[in-house]
Number of protein chains: 2
Amino acid sequence: MSDYRPPLEDIRLVLEEISDISAICGLPGYEHVDSETIDGVLDELARFVAEVVAPVNQVGDQEGCSVADGVVTTPEAFHTAWDKFVEAGWGAISQDPNYGGGGFPGVVQTVMTELLATASRAWSMGPMLTVGALDALHAFADEGQKEVYLPKMITAEWSGTMNLTEPQAGSDVGALTTRALPQDDGSYLIFGTKIFITFGEHELTENIIQLVLARTPESPPGTKGISLFIVPKYLVGDDGSLGARNDYRCLSLEHKLGLHASPTCVLSYGDSGDGAVGFLIGEEHQGMRYMFKMMNNARLGVGVEGLAVTERALQQAADYALERRQGRAIGAPAGEQSPIVEHADVRRMLLTMRAYTDAMRCLLYLNAATIDVANRHPDPGARQAASDRAELLTPISKAWCTDVGVEMSSLGIQIHGGYGYIEETGAAQHWRDSRISPIYEGTNGIQAMDLVGRKLTMNGGSVMAELLAEITSTINDLVEAGDGFTSIREGLADALDAMQEGGVWLAANGLANPVDAMAGATPFLRMFGQLVGGWLMARLALGAQRRIDAGEGETTHLATKVVAARFYAEQLLPIVRAQLGAVTAGGRDLFEVPADAFSA
Amino acid sequence: MSDYRPPLEDIRLVLEEISDISAICGLPGYEHVDSETIDGVLDELARFVAEVVAPVNQVGDQEGCSVADGVVTTPEAFHTAWDKFVEAGWGAISQDPNYGGGGFPGVVQTVMTELLATASRAWSMGPMLTVGALDALHAFADEGQKEVYLPKMITAEWSGTMNLTEPQAGSDVGALTTRALPQDDGSYLIFGTKIFITFGEHELTENIIQLVLARTPESPPGTKGISLFIVPKYLVGDDGSLGARNDYRCLSLEHKLGLHASPTCVLSYGDSGDGAVGFLIGEEHQGMRYMFKMMNNARLGVGVEGLAVTERALQQAADYALERRQGRAIGAPAGEQSPIVEHADVRRMLLTMRAYTDAMRCLLYLNAATIDVANRHPDPGARQAASDRAELLTPISKAWCTDVGVEMSSLGIQIHGGYGYIEETGAAQHWRDSRISPIYEGTNGIQAMDLVGRKLTMNGGSVMAELLAEITSTINDLVEAGDGFTSIREGLADALDAMQEGGVWLAANGLANPVDAMAGATPFLRMFGQLVGGWLMARLALGAQRRIDAGEGETTHLATKVVAARFYAEQLLPIVRAQLGAVTAGGRDLFEVPADAFSA
């Protein structure tokens, strides 16, 4: 596996051109931050991830995790990297300064998520789950709980998790049966088995703060009867000291396709019979509501994984294509083996990966900045509009980027030829690691149903309409941009037409027959993501061209953004219209095949 | 992993409607075969693969292979399956009766390839490589060599391999450096290292017949100086007895992403310094020509792997979707968890897999039958036309089916949700196993360049034009077929238009600037495969409808073919037109990005 070079030039360009980072820094609460502070932080962070985190990725995968007597062993190198992460204080970056956090905007957290996940998908799961748990505690825990748990989790001395899934309750969270019995002292005793718990048990940190969904006695069935609990691995005394080991146990680890170095645990709560001591967060029966509040951030974070795996696969494939010589490129001297980057078909693969990387980064950073505006803008109307926009973008960020990540890391293998299939090369690891992201944190099918069932028609469709109006406005801007942008404008205009036709069909027919709308949900999400990606690449290209014309920045880098946007518009954007048949077909043919007749 | 149910109903329908199996049985040399004989053989073969081969697939993957002191250990269960394969005589099915073969048409061999590869991708590599080596020996070895090697290879008591690749010579076979030094007795001594040799060493058979590409002294550089040699593991005496162990050694096995149970060997020839004894096949310097003659069969066989992995992934996913309950489907009673097959989005995935399975099987069986006609038709003109048609179809069979196989086995994982990511489930294995097929036997990029560079313009474009004329003829047939076929006709007509536009552009611009044609090769192959798949599904659907109308056959099964063809035409065929931008963009943007600027 090759080294990782954090793409700071790309990151900064997107922060400036797409996230409007200076506007974000102007929001209340971010007065202490400006573009230069962020630049400095990113320089340091990039150095940290390249030197400390990236080297653990392949060795971690080879070493893997194991469990014996409930004790989980993670790769040796993970400990060193975690200790240095704590020492450098990176966990604090976007957390509340009142509890020791750095108070940076959420969009900076998103950049950190990208950098960590690109450096090592498996290792980064630990810090990322901790951020998720921190978000939940910060939003819904009481002041006493915050004082006990937040500071140590912010330093990453303690890690955090989310415990939702049970064998019968995956996508269907409402089917969970873990019980929480109230005790006289206000605490609860938790009994039940949770599965697929990422970083659910390990020895990397002094303590692990499990956030657990469970049912109190006589709760209503389904999602309305679910409450959220803090279950620390070691109980915490009033003075912050660690006390007794809580009554849960890691029964086993999953043998996964990828992310071998990230422990995925089966946790048995109340394993000894006593029950695990838990503390209710907020109010009873509000657990699902709390979880939903967290979901935009969590789903955005998973979307970033699609970008991360593509970036790493691209860097590795591009290095290999410069170095590996096979065959003679058209026009090369006779008798010479050319670097494979000189073959048009290899360039097609590299430029496809390059273009999607730009598109995903634009979408994800825009989504993150929109959440910052939703959280911090002084004007309630602007907050609401941003919140609505974020609701619309989030399922696309999650599903589109993770689907694309699987496709692009597959291209990374292909560029390596036979060596791509050999594990030591490292290209295969990215592909294996990529495959969980379309599944967890709400499958991509669920994201699509969320998009079509809730987001498309939100506020009578006006949230959607406003986004499409902005795309139209960019199309108009492209008229002035010169010949190099003509095909971008035409491609976007055609894709936008198709998108509008699909959206109108779904909104109209979905009311009469929801099955018809659900049948078209996944292709609609694909068309939406593909269009928004192209739109934002066009904006990025316009910004890059403006900088070239003004003599600012590195010309080759900027010109590549224009080429990538044009390539995407001409060659990848037609996928939008190609989805229209599937979006508007309805569910008839899907249900005409009897349920047991799909296979022999 | 679930059981494998060989889909004999589907196979027979395609053999009859697409391969015209009764016409194939009428070809000279196949007089002893008829549809009923084939039916009987397929019944037995299906029972064999389901009972003997399918059960070794997952345990084999878990056990894997190892090497110590040059001795390769394959999974225990592989030995039993191999012995039963020899005992039942399945290796002989399509081989020459003069050497103990069964003399069945090649299309029956293709069905067997499918059944074996679907039962166990890894195990089937052994018999399949043996068939490839048999083809080469049968076509080019002299009579004495045939008498020594063919009979035992046909029984599968001995296995065969192909040794092409070296570290510096992958796609660029002409760069190989293995040497063959002529000896006074007419034999050669072979020195060199070969890599990626599938089933290159193992203890499953008494002997292994390596076919090795090497250079004789003072040969011209590149592919023109390559000769083909037989290098048996144990030298064979005149009486057929096994003699001395030849001087080559398995140095190591590759740690692969998938196919863990198929040993991929590094073989060192002349490892002790003496040199491995080899025997020239045919004439010196004709090695590449001989290999190219074998390629249609070998590439077709790899294409079948794409079908096989999809069929197995579909069966497993369909079983899971019937059983697994999550969420409530629209219209289901409140409080009930529905089988996930009742959710429209899951049905979309299943029907997509179903449709591509039908499309791939049609293409592959048509391709196989075309090769039979090319080999056996009494009329030389008909033989030539079929040979040309097979040349055109083969790169599509190889590349399109294997790309689709990767995509479809990925859907198989997605249907399983989180369980899909767990290795024990077995869905992930199909995906891992699928990923090599787009790479070996000529990468899919090379297939695309072959299609555009050679096949598209073959005979002044008339081979292509005749195929498109047949598609037009099917479109005309669809006019009479009733309302259920309208969208199939419209979809095909639109896709055919796009295809013609792309083909004309490539033919015209490729002459002036070959880079422009190569830049569009991969998207052109995709559009071609996608169109041919849809065309053949339409023909299959017409046949199915005819049978329904005549009251022949099982109606649900036949009706599913019509639904799948319509679904494909409406929802998957628009991908054809979506490739047109990429096909006709030329190479400009690909080469506008400097070679070292694709990543940071």
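Values in this text are rule-based calculations from the coordinates and carry no lab data. Values in this document were obtained by computation on a predicted structure and should not be read as measured data. When we count neighbours, we look across all protein chains shown, and the Cβ atoms used for this are built from the backbone with ideal geometry, even at glycine.
Work out the FRET efficiency for B:GLN168 and A:SER66 from their Cβ-Cβ distance, taking R0 = 56 Å, and round it to the nearest 0.05.
0.90
Using a 7 Å offset from Cα along the direction of the beta-carbon, what are the separations from B:SER66 to the same position in each other copy, nm, ascending?
In nanometres, ordered from closest: 1.4.
Just counting partner chain Cβ atoms within 10 Å, what average do the residues of peptide B:583-590 show around their Cβ?
Partner Cβ neighbours, averaged per residue: 6.
Starting from the Cα gyration tensor of segment B:19-144, take the square roots of the eigenvalues, sort them a ≥ b ≥ c, and report rounded, prolate or oblate (rounded when a/c is under 1.5, otherwise prolate if a/b is larger than b/c, else oblate).
Taking the square roots of the gyration eigenvalues as a ≥ b ≥ c, segment B:19-144 is oblate.
Taking a point 7 angstrom from the Cα of A:GLU490 along the C-beta vector, which residues in segment B:575-600 have backbone N less than 19 Å away?
Residues passing the 19 Å test: B:577-590.
Given the DSSP H assignment, sum -39500 (n - 2.57) over each helix run of at least 4 residues in chain A and divide by its residue total; what's the result at 222 nm in deg cm²/dmol, nearest 500?
-17500 deg cm²/dmol
Can you compute 3J(HN,Hα) from phi for each residue in segment B:488-503, using the Karplus curve 6.51 cos²θ - 1.76 cosθ + 1.60 with θ = phi - 60°, rounded to whole Hz and x for Gly and Pro?
Taking θ as phi minus 60°, the curve returns 5, 4, 5, x, 5, 5, 5, 5, 5, 4, 4, 4, 5, 4, x, x Hz for segment B:488-503.
Consider the operator that turns chain A into chain B: which A residue has a Cβ nearest its axis, and what is that gap in Å?
Whole-Å result, nearest residue of chain A to the axis: A:ALA578, 2.
Taking A:ASP379 in one copy and the same position in all the others, each labelled 7 Å out along Cα→Cβ, what are the pairwise distances from the first, in nm, shortest first?
From this label point to the equivalent ones elsewhere in the assembly: 7.9 nm.
Can you compute 3J(HN,Hα) from phi for each residue in segment A:540-556, using the Karplus curve 6.51 cos²θ - 1.76 cosθ + 1.60 with θ = phi - 60°, rounded to whole Hz and x for Gly and Pro?
4, 5, 4, x, 5, 5, 4, 5, 4, 4, 8, x, 9, x, 8, 4, 4
Which peptide among B:139-145, B:487-493 comes first, and what is the full order, when sorted by highest mean count of other Cβ atoms within 10 Å?
B:487-493, B:139-145
Please list, in order along segment B:468-480, the HN-Hα scalar couplings obtained from phi with the Karplus expression 6.51 cos²θ - 1.76 cosθ + 1.60 (θ = phi - 60°), rounded to whole Hz, x for Gly and Pro.
Each residue's phi maps through the Karplus curve to give 5, 5, 5, 5, 4, 5, 5, 4, 5, 4, 5, 4, 7 Hz.
For segment A:501-578 and segment B:224-303, what is the separation of their Cα centres, given in Å?
Their Cα centres are 50 Å away from one another.
Between segment B:122-160 and segment A:370-437, what is the separation of their alpha carbon centroids in Å?
So the two Cα centres are separated by 48 Å.
Take B:SER473, A:SER338, B:SER35 and order them by how many other Cβ atoms sit within 10 Å, fewest up front.
Ranking B:SER473, A:SER338, B:SER35 by Cβ neighbours within 10 Å, fewest first, gives B:SER473, B:SER35, A:SER338.
What distance in nm separates the two pseudo spin-label positions at B:ASP185 and B:ALA597, each 7 Å out from Cα along the beta-carbon direction?
Distance between label points: 6.3 nm.
Quick one: if you stick a label point 7 Å off each Cα along the C-beta vector at A:GLU466 and B:SER241, how many nm between them?
Each label point lies 7 Å from its Cα, and together they span 9.1 nm.
Treat the count of other C-beta atoms within 10 Å as a stand-in for reagent exposure and order B:THR177, A:THR74, A:THR357 from fewest to most.
Taking fewest neighbouring Cβ atoms as first place, the list is B:THR177, A:THR74, A:THR357.
For a quick check: sort B:SER462, A:SER437 by the number of other beta carbons within 10 angstrom, fewest at the front.
B:SER462, A:SER437
Ordered by packing density, taken as the mean number of other Cβ atoms within 10 Å over each peptide's residues, highest first, how do A:541-551, A:526-536 rank?
Ranking, from highest mean packing down: A:526-536, A:541-551.
Under the Kirkwood approximation for Rh and a Cα-based Rg, what ratio Rg/Rh is obtained for chain A?
0.97
Other chains near B:420-428: what is the mean number of their Cβ atoms within 10 Å of each residue's Cβ?
5
Suppose the Debye formula is applied to equal point scatterers at every Cα of segment A:444-590; what is log10 I(q)/I(0) at q = 0.10, 0.13, 0.14 Å⁻¹?
-0.38, -0.60, -0.67
For A:ARG588, go 7 angstrom from Cα along the Cα-to-Cβ vector, then report the distances to that same point in the other copies in nm, smallest first.
From this label point to the equivalent ones elsewhere in the assembly: 4.4 nm.
Among bridges DSSP assigns within segment A:106-230, what percent are antiparallel (round to 5)?
Roughly 60 percent of the beta bridges in segment A:106-230 run antiparallel, per DSSP.
Taking beta carbons within 10 Å but only from partner chains, what does the mean come to for residues B:431-443?
That works out to 4 on average.
Say each of A:ARG383 and B:ASP96 gets a label point 7 Å from the Cα, pointing the same way as Cα to Cβ; how far apart are those two points in nm?
8.5
Would you mind classifying segment B:124-263 by shape? Square roots of the alpha carbon gyration tensor eigenvalues, ordered a ≥ b ≥ c; an a/c under 1.5 is rounded, otherwise it is prolate if a/b is larger than b/c and oblate if not.
Here segment B:124-263 falls in the oblate category.
Quick check on the protein assembly as shown: take the gyration tensor over C-alpha atoms, sort the square-rooted eigenvalues as a ≥ b ≥ c, and tell me if it's rounded (a/c under 1.5), prolate or oblate.
It is prolate, given that a/c is not under 1.5 and a/b is the larger ratio.
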